[in-house]
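Chemist: What follows is a structure written as structure tokens; I'll ask about it next.
Please treat every number below as a calculation from the coordinates, not as lab data. These figures come from a predicted structure and were not determined experimentally. Here Cβ is always computed from backbone atoms with ideal geometry, including for glycine, and neighbour counts include all displayed protein chains.
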Amino acid sequence: MMNAAGKSFTGVFGALAVLLIGSGSGFDVPAWAATDAKPKPAAVSAKPPKPGVKPAAKPSQPPRPARKPAAGFPGFAAADKGDWKEVRRLIAQNPKAPVAKVMTWMLLRAPGSGASFDEIRGFLEANPSWPDRATLTRRAEEAIWTTGDDAARQKWFANGKAATREGALWLAAQAESAGRDAEAAKRYRDLWTDETFTGDQEKAFLAAHGDWIRPADQRDRLERLIWQRRFGEAHRQIERVDADTRALAEARIALATMNTGAANTLLRVPKELRHDPGLIYERARWLRRRDKDDEATILLLAHKGPRPYPDLWWTEQAVLARDALAAGHITQAYDLAARHDLKSAGDLAEAEWLAGWIAFQFLKDPGIAEGHFQRLYDAVSTPVSKSRGAYWLGRTHAAKGDAAKAAEWFARAAAEPTTFYGQLAGQRVSTPVPPAAPPVPPLPKEATAWVRSHEFASLLRQFDQMGEERLFGIFSRAFYYAARTDEQRLAVVETVSGYSLSQGVRLARLLRQHNVPDTVLAYPVPKWIDLPSAPAKAIVLGIIRQESNFDTDAVSSAGAKGLMQLMPRTAAQEAKLMKQPYAPDYLTQRPNVNVQLGSHYLDRLLDRYDRHPALAFAAYNAGESRVDQWLKLNGDPRTGEVDTITWIESIPFKETRNYVQRVLENVEIYRRRVGGEPIRVADNP
């Protein structure tokens, strides 16, 4: 018998089924894609009567998934308190026990634990796959000066690399004493320009090694400190540069901190330094933050020189490009997106996509767009980004009239059926595409044997029994990264999922980075959540996966809680509307209540936006007022004023654009998992 929440879902999502379900067999049309063409207003506005929402019934299942009670292991508690004497005593009681090794790892990682260099070095050498090697390496270098001899130092630093400032200083001093002046100079100068020091440490360094530091190195250090927003250190460094550089730095800092005297500091900058890239950047940023977008854009586009710290420049240019696009300044928007010096794959891909999209969608120039989309495709490796590039290359070739190449690129995108653009491409190809999230394939005995025999497998079992969720998460990731084959990785994910659904989903997401096809492990349907029937079940599961990875205890930095990441104020409001008992701890302690309140809130958003999923999901993430603003600014996909894909990609917040796409792709995959009558949505390319 369906509970009250289930009855509510039936009414809430009845009309939404038309948008969420495709037709046919194999990989159907993604239902959310009321296509990348303009939707027909009449189809979108159709809305059946909605029954009243009834108060949710008491959960028919336990209030949260069964967990092992925390055993309160004394060694871990002592480590958390920093009682290293007690930790060592407990280790000595049973040094071969697996938990003793974990306590040793905790002790060796901790600053001030008294661990010797030999202890840490020995652990590192014996345990290459244990987590947090970077911290252990730093601790070893910190200990080598008090518990290691010169022979140990010579061996440790034989590769010429150091993980700490002290290690780098030792290497520089060794080069100096051996008469390798060029090496010593480079090491001392790199330390000075790149390292962080307190005021006293700066004085000590310069007193001991200042003869190696040139005026150019002083300027380079100041430059880095300003770009990295380390203004306290920058103010000290200003005293070590020439007057002209000092005036430039003071103006940059004043602009960066929005100082009311910024204009006066600009007047003191020498004429020959007024085109300094750092000053251009700070002026443009200052103007943009004062809502002077046109002036900021002119300044940035007029700059023909280098763009140091290109990721920071891109942050400004991306905001201004989208603002220019919204204001109808298409050419300016394109120029801002296209002119960048980015090298890292993530930002470069975003810049090339934005430039290509503006050229294709607004300049109506598929030839220019093709070059940008090709650079995007060539720069990335993940399925989400590859399918995005391939889909838009398909669109550009289709617009140029090359049907064969368009089909080739759409097929490449459709080969990633768990991604937003892969699903969009799936409706454009005639060849079969892989199923989304199939069952886990049979794993070879070698992979499962490797997992069973690994020490992390027994540790995870013990952490689960002890209720040590933090350590379980740390060692789950270490277990995953210890694997050397795709089969081993998949076996690790399967093992972890058997203990912790949320940790299993987190690891399953990593499989994408290794181009391992998604399986049901990445899209679970937990029986301990009281879910509605299809198609509403697919929607709720899609939201939960994106919001919390099925972690009932999840709490965001903003204070959102539980499976559907509800703010306590929102939850209280929904409970009041539903006439349901509520207390703040219900959000994490009673997952079914969280789902009922969250689905009720989503219900109201869908009602408000005429069952349009992209609008409702955007509002769930960014708030209704912002979505209302974007509808006015970018057009309304419900009326055919703009197509849904263009509306989503016009969202100014990267987080919300990504959120909407990820939820839509989740829902499509879950629809195939949990069922629902297919109703085809027309595809009008």
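Chemist: Can you run phi through the Karplus equation (6.51, -1.76, 1.60; θ = phi - 60°) for the range 289-304 and list ³J(HN,Hα) in whole Hz, with x for Gly and Pro?
Modeler: Listing the rounded values in order: 6, 9, 6, 10, 5, 4, 5, 5, 5, 4, 5, 5, 6, 6, 6, 9 Hz.
Chemist: Given that compact globular proteins tend to follow 2.2 N^0.38 Å, what is the ratio of the alpha-carbon Rg of the range 537-674 to that value? Mind dumping the intermediate values first?
Modeler: Values: Rg = 14.9 Å, N = 138, 2.2 N^0.38 = 14.3 Å.
Relative to the 2.2 N^0.38 Å estimate, the range 537-674 comes out at 1.04.
Chemist: With a cut-off of 8 Å between alpha carbons and a minimum separation of six or more residues, what is the relative contact order of the range 447-522 in percent? Walk me through the numbers on the way to the answer.
Modeler: Working: 67 pairs, mean separation 19.4, N = 76.
Result for the range 447-522 is 26 percent.
Chemist: Right, another one. Restricting things to Cα coordinates, could you compute the convex hull volume per residue of the range 497-539 in Å³? Each step should come with its number before you reach the end.
Modeler: Working: hull volume 3.6 nm³, N = 43.
Dividing the Cα hull volume of the range 497-539 by its residues yields 84 Å³.
Chemist: A further question follows. Once you charge only the Cβ atoms, +1 for Lys and Arg and -1 for Asp and Glu, what is the size of the charge dipole of the range 86-203 about its Cα centre, to the nearest 20 debye? Mind dumping the intermediate values first?
Modeler: Details: 18 positive and 18 negative charges, 100 e Å.
Dipole about the Cα centre, nearest 20: 480 debye.
Chemist: Compute the whole-percent fraction of alpha carbon pairs in the chain spaced more than 51 Å apart. Provide the component values of the computation, followed by the final result.
Modeler: Details: 53202 of 234270 pairs.
Tail of the P(r) past 51 Å holds 23 percent of the pairs.
Chemist: Quick one: which residues, 5 or more positions from residue 636 or on another chain, have an amide H under 5 Å from its amide H? H modelled 1.01 Å from N in the peptide plane, none for Pro or chain starts.
Modeler: 641, 642
Chemist: Now a separate question. State the Cα centre-to-centre distance between the range 438-497 and the range 566-584 in whole Å.
Modeler: 38 Å
Chemist: Still on this structure, please answer the following. Do you know the relative contact order of the range 536-685, to the nearest whole percent, from alpha carbon pairs under 8 angstrom that are 6+ apart?
Modeler: Details: 159 pairs, mean separation 36.7, N = 150.
It comes to 24 percent, rounded to a whole number.
Chemist: To continue, here is another question. For the chain, with the dipole built from +1 on Lys and Arg beta-carbon atoms and -1 on Asp and Glu ones, taken about the Cα centre, which of 449, 501, 213 lies farthest toward the positive end?
Modeler: 501
Chemist: Further question: Separation of the range 286-318 and the range 142-191 by C-alpha centroid, Å?
Modeler: 41 Å
Chemist: Got a sec to turn the phi values of the range 422-428 into Karplus ³J(HN,Hα) couplings, 6.51 cos²θ - 1.76 cosθ + 1.60 with θ = phi - 60°, whole Hz, x for Gly and Pro?
Modeler: x, 5, 4, 5, x, 7, 9
Chemist: Let me ask you something else. Applying the Karplus parametrisation 6.51 cos²θ - 1.76 cosθ + 1.60 with θ = phi - 60° to the phi angles of the range 138-148, what ³J(HN,Hα) value in whole Hz is obtained for each residue in order, glycine and proline being reported as x?
Modeler: Each residue of the range 138-148 in turn: 5, 5, 4, 5, 5, 7, 5, 7, 10, 10, x Hz.
Chemist: Return one quarter of the surface area of the convex hull spanned by the alpha-carbon atoms of the range 315-371, equal to its mean projected area, in nm².
Modeler: 3.5 nm²
Chemist: Which semi-axis lengths, in whole Å and largest first, follow from the square roots of five times the eigenvalues of the Cα gyration tensor of the range 92-192?
Modeler: Details: eigenvalues 194, 29, 23 Å².
Equivalent-ellipsoid dimensions as semi-axes: 31, 12, 11 Å.
Chemist: Run a plain Debye calculation on the range 447-522 (Cα atoms as equal point scatterers, no solvent) and give log10 I(q)/I(0) at q = 0.18, 0.19, 0.25, 0.27 Å⁻¹, rounded to two decimals, same order as the q list.
Modeler: These q points yield log10 I(q)/I(0) values of -0.61, -0.68, -1.18, -1.35.
Chemist: While we're looking at this one, here's another question. Using only the Cα atoms, work out Rg/Rh for the range 291-444, with Rh taken as the Kirkwood radius, to two decimals. Kindly include the intermediate steps, with their values, before the conclusion.
Modeler: Details: Rg = 17.6 Å, Rh = 16.6 Å.
Ratio of gyration radius to Kirkwood radius for the range 291-444: 1.06.
Chemist: Out of residues 5 or more away from residue 566 or on other chains, whose amide H comes under 5 Å of its own, with H placed 1.01 Å from N in the peptide plane?
Modeler: Here the answer is 561, since their amide H atoms fall under 5 Å of that of residue 566.
Chemist: Between the range 635-669 and the range 238-283, what is the C-alpha centre distance in whole Å?
Modeler: 41 Å
Chemist: Strictly over 23 Å apart at the Cα level, which of 386/527; 155/203; 161/186; 343/654 would you flag in this model?
Modeler: Working: 386/527 34 Å; 155/203 30 Å; 161/186 13 Å; 343/654 19 Å.
With Cα atoms farther than 23 Å apart: 386/527; 155/203.
Chemist: Rounded to the nearest 500 deg cm²/dmol, what is the calculated helix-only ellipticity per residue at 222 nm for the chain, with -39500 (n - 2.57) per DSSP H run of length n ≥ 4?
Modeler: Numbers: 38 runs with 429 residues, N = 685.
Helices in the chain give a 222 nm mean residue ellipticity of -19000 deg cm²/dmol.
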